[in-house]
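Novice: First, the structure itself, so that you have it in front of you.
The values are calculated or read from the model by the stated rules, or taken from the named source; none is laboratory data. Everything numeric here is computed off the predicted structure, so don't read it as measured data. Glycine also receives a Cβ, built like all others from the backbone with ideal geometry; neighbour counts cover every protein chain displayed. Heavy atoms of the whole protein, side chains included, go into the accessibility calculation; ligands, DNA and RNA do not. Shrake-Rupley method; radii C 1.70, N 1.55, O 1.52, S 1.80 Å.
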Amino acid sequence: MTKPAVVLIGADKGGVGKTTVARTLLDYFAHRQVRARAFDTEVPKGTLKRFHPDVTDIVDINHVPDQMRIFDTVNFTDAPVSLIDVRSGLLSPTLHALRNIGFIEAAKKGHITFVVFHILGPSIASLDEIAETAAYLGDGKYFMVKNFINNTHFFEWDKATYAAYFKRIPDAVEITIPKLPEMAAEQVDLASVPFATFIANKKKSGDSASYSFVLRGYVRHWLDTVWAEYDRVSLTDVVEAKESPTPTVARPRPAIKVPEAT
């Protein structure tokens, strides 16, 4: 039996493109016919929901009933993957809360697949988040994502410093998201549709659209490259792992309030 998977996408700094990554993941799972539901914690803006309204709910990760809505239902939904776009600044507090409610322990026992997409920024402060995040992971699958939304260099000019940070978690896997040309990204945002829908030249309603052939080509090439990265790390195999044969434990029940970001 395939065990439920929870995929956390977040960063402790803003402006690193985490919602863009979340959107590519939803497109990827749909393309690979993996049913996924999403939770958008950008309250009240609902950025992710704007592009994927049919599968996304808006929640407040600080709110205990919303925590229950997410984590109490992972075993009782027809979507085996639950994707959570964590608001900037709340990645570490959210991981801390998940540890306190026993969620990470349940993942360690093999009842839940836990995946973290940590979207890195170019600064040393952002790289310092790696050690803090690692302290909460347990046996979770950790992807360190370099998202080149701003032609970022990620300290690769200083290979010694770069390597020192990235070696702190031996089992971590690097994923590279290339830069999407600004004009193409703007047009997809204006259309308010998923990347795959824009490529297919469709409106949100499903009717035919008249998007630029050139810009659709840029988005197609970019999304193919991103999906190739997800294929390289066998992401579908990760989220479709089988449940451990050991006896099940009680469902973790959230009761810890996540601290506000500072």
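Novice: What tally of residues in the range 87-101 results from selecting those that are crowded, with 18+ Cβ neighbours inside 10 Å and farther than 22 Å from residue 40 by Cβ?
Specialist: 0
Novice: Further question on the same structure: Looking at 184, 196, can you tell me which residue is in contact with a helix residue (DSSP H, G or I) (Cβ under 8 Å, 6 or more places away or on another chain), outside any loop (DSSP other than H, G, I, E, B), under 20 Å from residue 56 (Cβ atoms) and modelled with pLDDT of 95 or more?
Specialist: When all the criteria are applied, what remains is 196.
Novice: Regarding the range 161-173, can at least one residue be identified that is closer than 25 Å to residue 86 by Cα, modelled with pLDDT of 85 or more, open to solvent by less than 60 Å² (accessible area, probe 1.4 Å) and not charged (D, E, K, R)?
Specialist: The answer is yes; a qualifying residue exists.
Novice: Still on this structure: Quick one: residue 79 ticks every box in (1) of a type in the set (Gly, Ala, Ser); (2) at pLDDT 85 or above; (3) assigned to a helix (DSSP H, G or I) bar one, so which box is it?
Specialist: In the conditions (1) of a type in the set (Gly, Ala, Ser); (2) at pLDDT 85 or above; (3) assigned to a helix (DSSP H, G or I), residue 79 misses (3) alone.
Novice: Looking at the range 59-86, which of its residues are closer than 23 Å to residue 235 by Cα and crowded, with 18+ Cβ neighbours inside 10 Å?
Specialist: Of everything in the range 59-86, those that are closer than 23 Å to residue 235 by Cα and crowded, with 18+ Cβ neighbours inside 10 Å turn out to be 70, 71, 74, 80, 81, 82, 83, 84, 85, 86.
Novice: If you scan the range 1-16, which residues turn out to be open to solvent by 10 Å² or more (accessible area, probe 1.4 Å), of a type outside the set (Val, Ile, Thr) and in contact with a helix residue (DSSP H, G or I) (Cβ under 8 Å, 6 or more places away or on another chain)?
Specialist: Once the filter is applied, which keeps residues that are open to solvent by 10 Å² or more (accessible area, probe 1.4 Å), of a type outside the set (Val, Ile, Thr) and in contact with a helix residue (DSSP H, G or I) (Cβ under 8 Å, 6 or more places away or on another chain), the range 1-16 yields 12, 13.
Novice: I would also like to ask the following. Which condition does residue 54 not pass, out of (1) closer than 29 Å to residue 220 by Cβ; (2) surrounded by 17 or more Cβ atoms within 10 Å (Cβ to Cβ); (3) modelled with pLDDT of 90 or more; (4) not aliphatic (A, V, I, L, M), if it passes all the others?
Specialist: (2)
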